[in-house]
Amino acid sequence: MITHLRAVRAALSARGWQVFLIDATGVTKWPYILLAPGYASPGEVPLASAQVALESDIRVTIAGTTPESVLGLRAAVLDVLSPQGLPTVFTIPGRHATLQWLRHEMTEVDRDVTVPATDTHPIYTVDSFHLISQPL
């Protein structure tokens with residue numbers, strides 16, 4: 001899974017966006033994108049079989065300081081990862097991998113955190129994308 005997350009990070013970073021894997025502790029620049037494995041889905045392939053096939057979700061969290069920054073970046077990320085909701089092929093050595101938008105999970109204000117530079121609470125939005133990866 002880490003190889004797949006890195007491929008998604010590379011696609012987003014190529015646009016000049018700040019992208020983290022799983023954790024963004026200490027972030028000082030907003031907005032940013034956070035990638036993490038999603039919840040397990042029914043029928044998921046057991047870990048021992050992951051070299052044969054991988055089917056899982058990837059959660060994409062976008063955090064920012066204004067609704068415009070969060071929702072604007074969300075729209076741009078959707079255009080890269082799953083334009084018009086269609087699957088996108090990602091280059092993973094030895095594999096054929098596709099990622100497709102699955103669902104929007106939430107958009108909320110994090111009232112437990114304050115952005116020092118603006119003295120405001122960050123806003124975040126979370127979408128899930130479905131990953132299917134097969135060996136070549």
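Scanning segment 112-136 for residues that are among the polar types (S, T, N, Q) and either surrounded by fewer than 13 Cβ atoms within 10 Å (Cβ to Cβ) or under 22 Å from the mean Cα position of the chain (by Cα) (or both) returns Thr114, Thr118, Thr125, Ser128, Ser133, Gln134.
Cβ-Cβ contacts under 7 Å between residues 6 or more apart (or on different chains), taken from a first residue in segment 74-103 that is surrounded by fewer than 11 Cβ atoms within 10 Å (Cβ to Cβ) to a second residue that is of a type in the set (Phe, Trp, Tyr), are listed as Gly85/Trp101. For segment 79-136, residues that are under 24 Å from Thr28 (Cα atoms), of a type in the set (A, V, I, L, M) and out of contact with any His (no Cβ under 6 Å at 6 or more places or on another chain) total 6.
Inspect all residues belonging to segment 26-44 and state whether any of them is of a type in the set (Val, Ile, Thr), under 24 Å from Leu136 (Cβ atoms) and at pLDDT below 95. No, segment 26-44 contains no residue that is of a type in the set (Val, Ile, Thr), under 24 Å from Leu136 (Cβ atoms) and at pLDDT below 95. On the given criteria, is Leu21 in contact with a helix residue (DSSP H, G or I) (Cβ under 8 Å, 6 or more places away or on another chain) and modelled with pLDDT of 80 or more? When the stated conditions are applied, Leu21 passes them.
Can you find a residue in segment 95-110 that is over 17 Å from His130 (Cα atoms) and in contact with a Ser or Thr (Cβ under 7 Å, 6 or more places away or on another chain)? Checked against the condition, which is being over 17 Å from His130 (Cα atoms) and in contact with a Ser or Thr (Cβ under 7 Å, 6 or more places away or on another chain), segment 95-110 yields at least one hit. Scanning segment 113-136 for residues that are over 21 Å from Leu71 (Cα atoms) and not hydrophobic (A, V, I, L, M, F, W, C) yields Pro116, Ser133, Gln134, Pro135. Counting the residues of segment 21-36 that are crowded, with 16+ Cβ neighbours inside 10 Å, outside any loop (DSSP other than H, G, I, E, B) and not small (Gly, Ala, Ser) gives 4.
The values are calculated or read from the model by the stated rules, or taken from the named source; none is laboratory data. The structure displayed is predicted, hence computed values, not measured ones. Don't worry about glycine lacking a Cβ; one is built from the backbone with ideal geometry, like all the others, and counts go over all protein chains shown.
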